[in-house]
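What follows is one structure encoded as structure tokens, with my remarks underneath.
Quick note: the coordinates plus some simple rules give every number you see, no bench work behind them. These figures come from a predicted structure and were not determined experimentally. Glycine gets a Cβ as well: all are built from the backbone with ideal geometry, and neighbour counts include every protein chain shown.
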Ligand code: NDP
């Protein structure tokens, strides 16, 4: 049977674009790709990239104060959101252009349209076109979800932040995950008054307790109000507010009413699977609407594969890219390649950042005897000017094998540090391997190789 395409990819985000490019460019496959929105997907257009640029912008908030404490005589001034936003929009346009160009140069035929499956080998586009493909790869990503709350439409989600006309004076952020905590720090750094309601007893559920405790402490010390065990009971336009640019009245589950200029829902994301014809052709979905796949990213329908956030495995861009590459090797390279989801390092871009790989202390303890090596201290750069910032370097070590099971760093640029420490952990380094490395002095990260005695075992 002949098909219009060897591969049709649904979704032009990081995972889909990589798979399409490599299948076409390196394996000579005839590839089509449909994207209904902007090329680059969540990461490039409304996630990691614009978020990180905002992290950079907000990091300058106290630079004058710090420089002056060091002896400079700088003048300050307010942050100009519209100037930043104009530059950001230009950068995102440039990156989108890069993605489109890379696809074109690899010979991928692109369609600016929504796609759905008609049968295991046929996709139909919102333009009315229909194509057959030997393989279909679904890389349609995920979307922010709002809580089931009356008037939830009055709040915004993370996608909206980059398009605000002006920054609010005050914002309530609901949620305690990556997005809630990162935007709490970013917006606070840009001068917004930030309150965060988290329904759990601590932010960043799932991360190492000591590390997330330090981040919460440091966020509060900077002036972010964090209320744990708190949710929104009711949301309504405040008197005189229009709910859009105007103020919102929030009733907390803990009682009391307060007014905020904006409410941001950072309450999780859901896979983009509705109305794609998936169940009709036999693709199985899980309880959260995620596409169920095997270790090769193959769905219950042999010709249909899925990668990235739509599968809700580990929702990180580099993981989606790995899944895309493994799919191409499996299907077009003749080498069945499972995706390695073990020991994936990641960073939370709070201020200070958290870099982490492997097991938290709590997870490791549940598996067997461990030794905990940790130190928390005031780093030289900020202690010199009497600032209260603290950092944490922590290793979770298996008492029997001596292997480092987890490494958790809370510090400025912890994301950069964990990428490198992650190599050692992924290689199976023991505590003694870390100890054999000579410290780089004076740095914050030298502490990771000079942790002498366990603090707990
Ligand atoms: P998360 O799932 O990480 O966090 C959602 C938060 O919202 C949790 O605190 C959750 O509470 C809370 N929540 C969920 N539903 C409700 C509700 N109805 N009412 C009140 N609170 C609620 O999602 P995010 O949106 O923060 O991030 C999505 C994913 O995006 C992450 O898992 C991550 O993979 C990825 N990401 C990665 C980043 C990075 O690598 N730096 C940055 C941003 C996103 P509870 O814990 O109690 O369930």
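Mind checking the angle between helix 317-331 and the chain's longest principal axis? C-alpha axes, 0 to 90 degrees, to the nearest 10. For helix 317-331, the angle is close to 30 degrees. Annotation for residue 420 and residue 365: the two label points, set 7 Å from Cα along the Cα-Cβ direction, are 3.1 nm apart.
Nearest 0.05, what FRET efficiency do residue 146 and residue 217 give at R0 = 35 Å with Cβ-Cβ as r?
Values: r = 29 Å, r/R0 = 0.84.
About 0.75, to the nearest 0.05.
Listing 361, 342, 124 from fewest to most neighbouring C-beta atoms within 10 Å gives 342, 124, 361. Extension gain for residue 275-residue 67 works out to 69.5 nm (0.36 nm per residue, less the C-alpha to C-alpha distance). Compared with the dominant principal axis of the Cα atoms in the chain, helix 414-426 is inclined by about 70°. Once the gyration tensor of the Cα atoms in the range 213-363 is diagonalised, the equivalent ellipsoid follows with semi-axes of 40, 23, 13 Å, ordered largest first.
When the helix-only estimate is applied to the chain (DSSP H runs of n ≥ 4, each -39,500 (n - 2.57), divided by the residue count), what is the mean residue ellipticity at 222 nm, nearest 500 deg cm²/dmol?
Working: 13 runs with 137 residues, N = 457.
Computed ellipticity for the chain at 222 nm equals -9000 deg cm²/dmol.
Averaging Cα coordinates gives a centre for the range 267-336 and one for the range 384-457; these two points are 34 Å apart. One compactness figure for the range 1-149 is 1.42, namely its Cα radius of gyration divided by 2.2 N^0.38 Å. Measuring from a point 7 Å past the Cα of residue 403 along Cα-to-C-beta, which residues in the range 423-444 have an amide N at less than 17 Å? Of the residues in the range 423-444, 423-434 have backbone N under 17 Å from the label point off residue 403.
Can you tell me the relative contact order of the chain? Whole percent, Cα pairs under 8 Å, sequence separation 6 or more. Numbers along the way, then the final one.
Values: 967 pairs, mean separation 66.3, N = 457.
15 percent.
By DSSP, the beta bridges lying fully in the chain are antiparallel in about 60 percent of cases. With a cut-off of 14 Å on the backbone N, the residues of the range 380-404 near the modelled label site 7 Å out from residue 435 along Cα-Cβ are 397-404. Estimated translational diffusion coefficient (Stokes-Einstein, Kirkwood radius over Cα pairs, 4 °C, 1.567 mPa s) of the chain: 54 µm² per second. Length gained on full extension, residue 48 to residue 300, computed as 0.36 nm times the residue gap minus the Cα-Cα distance: 87.6 nm. Note on the range 373-425: percent of Cα-Cα distances in each 10 Å bin, starting at 0 and stopping at the bin with the largest distance, equals 23, 45, 25, 7, 0. Taken along the Cα-to-beta-carbon direction at a fixed 7 Å, the label points for residue 384 and residue 113 span 6.1 nm.
Ordered by the number of other Cβ atoms lying within 10 Å of each residue's own Cβ, fewest first, 398, 185 fall into the sequence 398, 185. Distance from the C-alpha centroid of the range 172-189 to that of the range 19-78: 17 Å, rounded to the whole angstrom.
A simple spin-label model places pseudo-atoms 7 Å from Cα toward Cβ; at residue 60 and residue 82 they are separated by 1.8 nm. Between the beta carbons of residue 1 and residue 292, assuming R0 = 30 Å, the FRET efficiency works out to 0.70 to the nearest 0.05. Kindly express, to the nearest 10 degrees and within the range 0 to 90, the angle between helix 48-59's C-alpha long axis and the longest C-alpha principal axis of the chain. In the chain, helix 48-59 runs at an angle near 20 degrees to the longest axis.
Dimensions of the range 300-415 along the principal axes, based on C-alpha atoms and rounded to the nearest Å, stand at 61, 36, 21, largest first. Residues 164, 316, 204, arranged from fewest to most other Cβ atoms within 10 angstrom of their Cβ, appear as 164, 316, 204.
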